[in-house]
1. Restricting to the stretch B:25-48, and then to whatever is of a type in the set (D, E, K, R) and within 14 Å of ligand 2 (Cβ to nearest atom), can you tell me which residue is nearest to the other protein chains (Cβ to nearest Cβ)?
2. Of all residues in the stretch B:184-202, which are more than 16 Å from ligand 1 (Cβ to nearest atom) and buried (at least 20 other Cβ atoms within 10 Å of the Cβ)?
3. Any residue in the stretch A:195-206 that is in a helix (DSSP H, G or I) sitting within a Cβ distance under 8 Å of a residue that is surrounded by fewer than 13 Cβ atoms within 10 Å (Cβ to Cβ)? List the pairs, counting only those 6 or more apart or interchain.
4. Consider the stretch B:16-37. How many of its residues are surrounded by fewer than 17 Cβ atoms within 10 Å (Cβ to Cβ), on the phi < 0 side of the Ramachandran plot and modelled with pLDDT of 90 or more?
5. So how many residues does the stretch B:161-171 have that are within 16 Å of ligand 1 (Cβ to nearest atom) and either in contact with a strand residue (DSSP E or B) (Cβ under 6 Å, 6 or more places away or on another chain) or modelled with pLDDT under 85 (or both)?
6. Of the numbered conditions (1) at pLDDT 75 or above; (2) within 11 Å of chain B (Cβ to nearest Cβ), A:Gly181 satisfies every one except a single condition; which is it?
7. Within the stretch B:49-65, can one find any residue that is under 22 Å from the mean Cα position of the chain (by Cα), within 12 Å of chain A (Cβ to nearest Cβ), touching a residue at least 12 places away in the same chain (Cβ under 8 Å) and on the phi > 0 side of the Ramachandran plot?
8. Please determine, by comparing only the residues of the stretch A:115-141 that are of a type in the set (Gly, Ala, Ser) and at the interface with another protein chain (Cβ under 7 Å from one of its Cβ atoms), which one is nearest to the chain's Cα centre (by Cα).
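The values are calculated or read from the model by the stated rules, or taken from the named source; none is laboratory data. Note that the structure is a prediction, hence the values are computed from the model and not measured. Reconstructed Cβ throughout: ideal geometry from the backbone, glycine too, with neighbour counts over all protein chains shown.
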Amino acid sequence: MRRQTFAGHVLAHVGFTGATGAVLIGVPPPWGLTVMTVSAGIGMGAMAERLLQRDVANGIILALALGLGLLSLHFFTAYATQATALLFGNVLAVDDGTVWTLLGLGALSVIMLAVISRPLLFASLQPELAEAGGVSLRLYSVLFAAIVALATAGCVQLVGVLLVFALTVGPAAAAQQVATGVATGLVLSVEFALAEAWAGITLAFYTDWPSSFWITALSAGIL
Amino acid sequence: MNAIEFHDVSVRLGGREVLNLVTLEIATGEFVGVLGPNGAGKTTLMRAILGLIPASRGTIRVLGRPAARGNPAIGYMPQVRGAGSHLRLSGCDFVASAVDGHRIGKPFPGKTARAEVNRVLGLVGAMELGRRPLAELSGGERQRLLLAQALIGRPQLLLLDEPMSNLDPHFQASAVALAKSLQTELGVTILFSAHELNPLLGATDRVLYLGRGRAALGTVDEVITGSVLSRLYGTELDVIRLNGRIFVMAGSRDVEHEPVPAHDLLGMSPHDA
Ligand SMILES: Nc1ncnc2c1ncn2[C@@H]1O[C@H](COP(=O)(O)OP(=O)(O)OP(=O)(O)O)[C@@H](O)[C@H]1O
Ligand SMILES: [Mg+2]
């Protein structure tokens, strides 16, 4: 709705850089990933509060992140399997600790979103009017980007950098095409995402193909 | 009390003086038509009143207080449209997003918000549009939703930036009539910008004509004269009255309908008026 889907993609790549960088300096990858995505999100939000400039800002951050990620990879070719895990993820290889981290990240983003969603919706639908009404476009742009970043950081650990797009953007886009109300749209997109994820895992179990493949295939299918 | 007071106000945008030492007073309950060619500063004036653009000089007072953003007593219909034209969101939910939109919280309208949405949709005769998705509405229909949105919260001052563009003559007349009824029945002060004077003739108490950084505020008879408009446009203009309609002519051209050639408007600083 904010025409910012590209941002989710960029953040996922940024997360990859963060995780590889973290391994390099000896920090657990999930932390590097979260810190890096959130700061990139805030940077993107601050740079581009206006619709038209957003893609440029996102592009700059993306290029920067990919460059840095490549640099980190250059120094740590030995960890190829870990890199693959980051890029493609594996839903079935999540341990207890990760589940709690993810629950924490998820809860935090949902709570933040619940608090700011009304002005955020207003600012997204009617920036001029919202600004006149005293809503700071920049503040909400930054907050929203930070929330997207948190959620992305969570998802990346599940489905991997390359596929996170499928779960964050796909269901919401599909819901937007059918729902005419804000509430129904939100409920539908959550339902789509859950359905995709569960069906993906089930299919992976029966076919022995990677669950990430099935999830993205379903996401594309729903659209 | 005056609804709007400008005292020696200058507004600079991108290094250009869009408003240059403008002084004016608009009384509460007045209906003022805001006119002027493209780029004259109609939108800029409204954004300055909303506190979105600071004055580089002078003071702006709105409803007795210095202009500042977030004033709930002002209803605004921005000129920039096309918002949400790709969305399946229903008209109702779109309008509802402006109810208390500046307060933090969840975006699901409660009972009072729903009632407010229905009230403003009823005012602009758009009850039926509220049930349809935005993507399926015409430009003019979406515009009526924007007009409804401007009425949320019963504002005392309405800034309508070209509410008639995209509307057919029938809806143009009803937009003017609606604004007029808000003025007469609720005492709302109205600034109504337009490119054409004639649809506003029966409704405006006074007109505010902008051009080349200057402003002329007065009754139609005071402002729409050859000498005042020639000064604002910076070129020789005649005013012709015909069957209750007014035409502003540059030589044999009607300037509201045909563009003034670029060399007439460009290359002149506001100072050589
Ligand atoms: N953000 C900006 N930066 C620089 N100049 C600007 C900006 N916004 C507007 N201007 C300039 O200010 C002048 C007044 O613009 P404004 O939008 O107020 O005109 P307007 O009377 O509303 O015109 P229109 O009839 O086309 O809507 C124009 O010359 C425009 O180029
Ligand atoms: Mg304008």
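1. First, the residues of the stretch B:25-48 that are of a type in the set (D, E, K, R): B:25, B:30, B:42, B:47.
From what is left, the residues that are within 14 Å of ligand 2 (Cβ to nearest atom) are B:42, B:47.
Values: B:Lys42: 14, B:Arg47: 8 Å.
The qualifying residue nearest to the other protein chains (Cβ to nearest Cβ) is B:Arg47.
2. B:Val188, B:Thr189, B:Ile190
3. Taking only residues 6 or more apart or on different chains, the pairs are A:Ile201/A:Leu92; A:Ala204/A:Leu92.
4. So the answer is 4.
5. From the stretch B:161-171, those within 16 Å of ligand 1 (Cβ to nearest atom) are B:161-167; that's our starting set.
This time we only want the ones that are either in contact with a strand residue (DSSP E or B) (Cβ under 6 Å, 6 or more places away or on another chain) or modelled with pLDDT under 85 (or both), so: B:161-163, B:165-167.
Residues meeting the conditions: 6.
6. The single condition A:Gly181 does not satisfy is (1).
7. yes
8. A:Ser117
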